[in-house]
Amino acid sequence: MSEQLLTIKGLTAGTEDKVILSDINLEVGAGETHVLMGPNGTGKSTLGRIIMGDPAYKVKEGTITFDGEDITEASADKRSLAGIFLSYQAPVEIPGVPLYSFLRTIADKRPDLKMVGRKFRKRVGEICQQLGIPESFLTRDLNVGFSGGEKKKIEMLQLLLLKPKLAILDETDSGLDVDALSVVSKAIAAYKEECNGSLLMITHNTRILERLQVDHTHVMVNGHLAAHGDASLISQIDAEGFERFEKAAEGDAR
Amino acid sequence: MADVTLSKVNVPPAQTWNYLKINGLSLEVPAVTGGEGNLPDRLTRIETGIGDAATAWIDSAVPEPRLISVPARTDLDEPILIEVESDRGELASTGVIVHEGAHATIVVVAADTERAAAGMTDERAAQSGIEAVVAEPGKAVPETDKPISASLLRISADRNAKVDVYEYVAVPTSCRHIEGAAIEADDDAFIEVHQYLLGGGTVAAGLAVTQRGARSSFKLDTHYLVHENELLDMNYVARVRGRNARTRIDASGVLSDGAEKTLRDTIDLICGCKGAKGDENETVVVTGDNIVNRSLPVILCDEEDVQGNHGATIGSMSVDQLQYLRDRGLTTDEAEELFGRAVVDDAALNAPVKAARNAVLSRAAELIGDEAAADLIEIFENDQEVGE
């Protein structure tokens, strides 16, 4: 059994006036790949954001432990530096900040990634080549004017540059064409291979999982983790959908 | 030498309430004698953004302006470089005629050129015995005591000409500078101006373009960074006369503690410019307290079949932007600093000649701190790629 990297115990959380997640228990071991599936609007992305420390959400009960430290109250920047990475479903545009300056600044914050400028440019250039990102993108403003696929590639560029211990990929596959999906899938596989990091994949699309060896699958319904299983659960959901989990949840609610 | 007052610098075409203090800038400058310059009428008749008084002052101070003519259908191999030594109060007047179908790149660099030539930070300059023009600790240098430099660039672009202009103003806080430009564009002429305004005690940047030709295109992209005790005053005017002309003015910048900035941008869609489109857009990030941020965006319209758009984003970062940066490991303060660093990085990475890049590097430590500046300088050390 692998060493636990992320442990969520009895987590109930939501916005100031609304509970979105109830009694979530989840353990992600070092190097493991977890998939979180579920119908739209059920709280999957919210869980990702709460793990990352988004202040828009409040933890009402429970704890989040990462790499042996209780991070329930930690700020997002501290969680990021501890090794958690959240890839956005819709990456935010930041006019006025070229991609290169952004990458240099976030890398500088990590002692193990501090390197002289030339070496850094070389490293970034290598990753760009790996992902098919033109180096001219580095001088363009962060995510501004990029297509959906290009934005996701830039998220992958950050993933491969920062080498986090845990990557939460929130519907990274959404809105991608076949070619972009292939590039992103390769990037995720490269992350696993190069860093042996842990993955929590939030997705509806099983194609992005084809290159990955999934260890655990979780199904979220109405803010609860309604089912857990191995990789075979994915093909069941692919064939049957979420109906049986939703009905079971309704039954439990009654 | 007695001082004179230039009371109407950077005056916009459309005035507003005086109490808003945005109708122009007043500058004390040394009285100069010398006489009229000898540029041809086709250049001197072009409207400048800085206004008549400042234009006349520079013209009278530079009796022998530089005139460059780019022959038709030629592509200049080397950029035309105009260097102004701010600490010595140097004044420059340059006229460039780009004939039909020709292409020219023009680079203006205003900086403390002794330090910039060596690509030095303040610290390195001090170690090398180069005297930096700085105030005594705890004392501010009175504005009128600060040396004032100026560059006035006039460009006439003939039919199908293409002109790329880069203006780098990186003068120390202890200096003042006037950056003036006057551009005229004929049919199908294509003009792009990239401005990096990276400081100075008082910097007045005024640019006016007259798009008299049909289908002419003018694009201005200004990036600025204003720090404590610095004033940046900008005035951009596009007179659009030609049919189907395209005009775009983008200004983005960062204001930190105690900075003062004024931006006037006017697109004047004059009767006859049917089918013309003009866009002006401003993005300002405010990262401190006691900041004065004035904006006067104007679209004047005397033609029916035209489009004029204005957009502005002024203020601090949005919650989403801040959260994205925090999710990547930056604190709120570091996220704000990133915007300043981004301007400097962008200026250095896009510098078309070494002199421009060194001007940026010479101010980098003051603008973004020693560590980030050293990082940037290291990238370019022994770099032979630009302007060699």
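Laboratory data are not the source of any read-out in this text; all were calculated from the coordinates shown. All of these numbers come straight from a predicted model, not from anything done at the bench. Counting neighbours? That spans all protein chains shown, and the Cβs are built from the backbone with ideal geometry, glycine included.
Summary table below
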| quantity | calculated |
| --- | --- |
| Selection from B:ASN229, B:ASN244, B:GLN323, by position along the positive dipole direction of chain B (Cβ) | B:ASN244 |
| Table column - 3J(HN,Hα) (Hz), the range A:77-82, Karplus curve with 6.51, -1.76, 1.60, x for Gly and Pro | 5, 5, 5, 4, 5, 6 |
| Cβ-defined net charge surrounding A:HIS216, 14 Å radius [Lys, Arg +1; Asp, Glu -1] | -4 |
| Dipole moment magnitude, nearest 20 debye, the range A:80-146 about Cα centre, only Lys, Arg, Asp, Glu C-beta charged | 360 |
| About the Cα centre, charge dipole magnitude for chain A (Lys/Arg +1, Asp/Glu -1 at Cβ), debye | 1040 |
| Calculated from backbone phi, Karplus (6.51, -1.76, 1.60) coupling profile of the range B:53-58 in Hz, x at Gly/Pro | 5, 5, 4, 5, 5, 5 |
| All-pairs alpha carbon distance profile, the range B:199-280, 5 Å steps from 0, percent | 4, 15, 25, 17, 13, 10, 8, 6, 2, 0 |
| Computed E for B:GLU371/A:GLU193 - FRET, C-beta separation, R0 22 angstrom, nearest 0.05 | 0.10 |
| Between helix A:117-131 and chain A: long-axis angle, C-alpha atoms, 0 to 90°, nearest 10 | 60 |
| Under 5 Å, built H, 5+ apart or other chain: amide partners of A:ILE168 | A:PHE85, A:LEU86, A:SER87, A:LEU200 |
| Percent of Cα pairs exceeding the 24 Å cut-off, where the set is the range A:4-253 | 47 |
| Under 11 Å, Cβ to Cβ, from B:THR105 - net charge with Lys/Arg +1 and Asp/Glu -1 | -4 |
| Alpha carbon Rg of chain B, scaled by the compact-globule rule 2.2 N^0.38 Å | 0.95 |
| Semi-axes of the equivalent ellipsoid for the protein assembly as shown, Cα gyration tensor, largest first, Å | 53, 26, 23 |
| Residue-wise HN-Hα coupling along the range A:11-24, computed from phi with Karplus coefficients 6.51, -1.76, 1.60 (Hz; x: Gly, Pro) | 7, 10, 7, x, 7, 3, 10, 9, 7, 10, 10, 10, 6, 7 |
| Charge sum, other residues only, whose C-beta stays under 11 Å from B:SER149's C-beta, Lys/Arg counted +1 and Asp/Glu -1 | -3 |
| Amide hydrogen neighbours beyond the local backbone of B:TYR224, cut-off 5 Å, H modeled | B:LEU197, B:SER252, B:GLY253, B:VAL254 |
| Considering only the protein assembly as shown, percent of DSSP beta bridges that pair antiparallel, nearest 5 | 15 |
| Within chain B, percent of DSSP bridges classed antiparallel, to nearest 5 | 5 |
| Given 15 as the ceiling on other Cβ atoms within 10 Å, longest exposed-site-free region of chain B for trypsin sites (Lys or Arg not before Pro) in DSSP loops | B:140-273 |
| Built amide H within the under 5 Å cut-off of A:ALA227, gap 5+ | A:VAL219 |
| Low-density loop cleavage sites - GluC sites (Glu not before Pro) in the range A:73-132, where at most 12 other Cβ are within 10 Å (DSSP) | A:GLU73 |
